[in-house]
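Read through the structure below, which is laid out as structure tokens, and then see the notes.
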Amino acid sequence: MFDKNAKPSPRRQQQLDRYKQLVERMSPNSDMGKGLLRAFWVGGTICTLGQALQEIGKAWLGMNNTAASTFCSTVLVFLTALLTGLGVWDKIGQYAGAGAFVPISGFANAMVSPAMEFRREGLVLGLGAKLFTIAGPVLVWGVSASVIVGIIYAIWPW
Amino acid sequence: MLWSFVKAFALGGALCAIGEFLVLKTKLTPARILVGYIVAGVILSATGLYGPLAEFAGAGATVPLTGFGHALTNGVKKAVQEIGFMGAFTGGLTSTAAGIAAAVFFGALAAMVFKPRPK
Amino acid sequence: MQGTIELLRRPRLCMGAAIAGKKEGEGPLGTGYDQVIEDDLFGEESWEKAECRFFYTACDTCIRKAGLTREQVDVLLGGDLLNQITSASMAARELKIPFLGLYGACSTMAEGLCIAAMLVDAGHVRTALCAASSHFCSAERQYRFPLEYGNQRTPTAQWTVTGSGASLISSDESLPAIAQCTHVTIGRVTDLGVADANNMGAAMAPAAADTLARHFRDTHRTPGDYDLIITGDLGQVGHDILLELMRQRGVPLITERYIDCGLEVFSPGQDVHAGGSGCGCSAIVLNSHILERIRRGEVHRVLFMATGALLSTTTSQQGETIPGIAHAIVLEGCSACSGAS
């Protein structure tokens, strides 16, 4: 195993392949149709709620588009934090999968849940440091990609 | 207004269903899919494909994480127009500050108030 | 013979104790545990402390049930799933019994029993205590996600058991005995390339098959010689794969005489997907349900084999596949024990 170039012997490779097939045959698969449907309706509902918040912001609170959109994300994040704290969000996540984690609410849950979990390890190295364990990569790659786009745009605006 | 709700529901739901398809089909972890979504959002927005979608479906396009990427791109473009080259570094986080600050603040707050529950 | 050792002096398994969590208490074996702790924190302030208290309580209960004091136990062997096996070490700090910490992932209970039985058989110690524990909440935060994170569990995923079991093995013939230990088979680390940490059963089943096959070969026995063969926490997927692997090896198990603790500990209605897992899973099932069946004479000769998945979050993230291990010990009911029983 310590020889980087060594390939498994043909017999070993055959054993690995056969076992892989056995595992695939024996392991139950998730129900694709049910999964997609659940993700669709829960995700759709969260987005509709977001739309409603934007409309409310614009129609009743006198907000412009940017403010309304900010209002929408802030409220969704707040609601998710509340539901996560009350122990409800993980059940929604278990039910809806991507329907719960793709909207911004999933991003919020990914920050709130480790903060709660690691609170006992202290305010600084527990809560503070672990807040970003799951959501951190999203910010790292999202922001990095946008900086690259910004640099290109500064040189060749389109 | 009802029509805007239908559009938000349909596009938002569809983006989530694609995510779920990736989870079930590729066994990618949610964290990887989210990174994929935000980077896809940045690129689709930079190539001008996401803007019309957001125009059309409103929250259906901005609430999913691809919308976060779209906001990052919009932010850097606007900042580059306003302050030039350095805008590439300020614009992204400026335009998404509300979501990030809210998640950090409410996350810290929730952790002070609530305790995780056994399942 | 490789790895199979006959214990000629027949060390005796004298007593078992099982302390289970709330969800396990609601399971099909709920009435058999010595204690069901309704509060997952066990009155402590962290999951780790709670798990430590489960471990301590199982040991303490086992010693008291056997009518011994801590000073009469020569050595404690045990471990758990957490980094640096802190639950076991910190419980041992309170118990003050000479301590050998073990890490065998979910195979720890069997590993402890094997070593304890050999130590007693060799006459190095008179009385040894072995224990293992796991806690759903402490395992989730170390191996998976925060409790409140909304992730979806796959159908092959297993549910870490909250609980701890302890067994006392002794050569002291004045103690009551439940079973005698006749053979141990020490597992080989076996890996057939499964990398999916949500499918531990599939990762561990080849190790179980290897240990079983070597055991039958070395002892010249067949599955029919056992009233019951018990695996630790293969879950539904690993259970089915093990049956198939043994069939392919030409020593098919008798389905009615093969059970898996991961499938016994929860009922299908408890939404645990492929079944229970964790060190505590086989530990609490063995030390309640199985020992009780041996005591009642329903089964005479059983082979207890706990399996472990020897991965860490670090090796998983580096893309390593999951090595598995399985240790087996043969227990025979004590109608045949020599001396007082």
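The values are calculated or read from the model by the stated rules, or taken from the named source; none is laboratory data. Bear in mind that the values here come from a model prediction, so they are computed numbers and not experimental data. Virtual Cβ from ideal backbone geometry, glycine too; neighbours counted across all protein chains shown. For the accessible areas, the whole protein counts, side chains as well, though only heavy atoms, and no ligand, DNA or RNA atoms are used. Shrake-Rupley method; radii C 1.70, N 1.55, O 1.52, S 1.80 Å.
The table below lists the values:
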{"read-out": "Candidate lysines for bridging to C:Lys22, where Cα separation is under 22 Å - those fewer than 8 sequence places away on the same chain excluded", "value": "A:Lys91, B:Lys115, B:Lys119, C:Lys49"}
{"read-out": "Distance between modelled label sites at C:Thr315 and A:Ile152, nm, 7 Å Cα→Cβ extension", "value": "4.1 nm"}
{"read-out": "Shielding score for A:119-127, defined as the mean number of other chain Cβ atoms within 10 Å", "value": "3"}
{"read-out": "Fully extended contour minus Cα-Cα distance, from C:Lys96 to C:Arg9, at 0.36 nm per residue", "value": "28.5 nm"}
{"read-out": "Förster-model FRET efficiency, 45 Å R0, A:Phe2 and B:Lys78, C-beta, rounded to 0.05", "value": "0.25"}
{"read-out": "Length-normalised contact order of the range A:61-158 in % [C-alpha pairs under 8 Å, at least 6 apart]", "value": "19 percent"}
{"read-out": "The range C:227-302 - percent relative contact order, Cα under 8 Å, separation 6 or more", "value": "40 percent"}
{"read-out": "Test item: Cα-centred dipole of the range C:179-336, Lys/Arg +1 and Asp/Glu -1 on Cβ, debye", "value": "480 debye"}
{"read-out": "FRET efficiency estimate (nearest 0.05) - Cβ-Cβ, C:Glu292 to C:Gln72, R0 25 angstrom", "value": "0.55"}
{"read-out": "Simple spin-label estimate for C:Glu26 and A:Tyr95 in nanometres, 7 Å along Cα-Cβ", "value": "1.7 nm"}
{"read-out": "Spacing of the two label points (7 Å from each Cα toward its C-beta) at C:Arg188 and B:Leu28, in nm", "value": "3.9 nm"}
{"read-out": "Extension gain, A:Ser9 back to A:Ala129 (0.36 nm per residue minus Cα-Cα distance, nm)", "value": "38.7 nm"}
{"read-out": "Modelled FRET efficiency - R0 51 Å, B:Met86 with C:Glu44, Cβ distances, 0.05 increments", "value": "0.45"}
{"read-out": "Low-density loop positions, chymotrypsin sites (Phe, Trp or Tyr not before Pro), the range A:49-91 - DSSP coil, at most 10 other Cβ in 10 Å", "value": "A:Trp60"}
{"read-out": "Per-residue SASA entry for A:Lys34, accessible area with 1.4 Å probe, Å² rounded to 10", "value": "110 Å²"}
{"read-out": "Antiparallel bridges, percent of DSSP beta bridges restricted to chain C (to nearest 5)", "value": "65 percent"}
{"read-out": "Under 30 Å from B:Lys77, Cα to Cα: lysines that are on another chain or at least 8 residues apart", "value": "A:Lys58, B:Lys7"}
{"read-out": "A:Glu121 accessible area, assembled protein chains, probe 1.4 Å, Å²", "value": "90 Å²"}
{"read-out": "Whole-Hz ³J(HN,Hα) from phi, Karplus 6.51 cos²θ - 1.76 cosθ + 1.60, for the range A:50-60, glycine and proline x", "value": "x, 4, 4, 4, 5, 5, 4, x, 6, 7, 9"}
{"read-out": "Area of B:Thr62 that stays accessible when all protein chains are in place (1.4 Å probe, Å², to 10)", "value": "50 Å²"}
{"read-out": "Relative contact order, percent, the range B:2-113 [alpha-carbon distance under 8 Å, six or more residues apart]", "value": "22 percent"}
{"read-out": "Surface accessible to a 1.4 Å probe, per residue, for the residues of the range B:1-68, Å²", "value": "44 Å²"}
{"read-out": "Accessible surface of the protein assembly as shown [probe 1.4 Å, protein heavy atoms]: carbon and sulfur percent", "value": "59 percent"}
{"read-out": "B:His70, C:His220, ranked by accessible area, largest first (probe 1.4 Å)", "value": "C:His220, B:His70"}
{"read-out": "Antiparallel bridges, percent of DSSP beta bridges restricted to the protein assembly as shown (to nearest 5)", "value": "65 percent"}
{"read-out": "Where B meets A: accessible area buried, both sides, 1.4 Å probe, Å²", "value": "5400 Å²"}
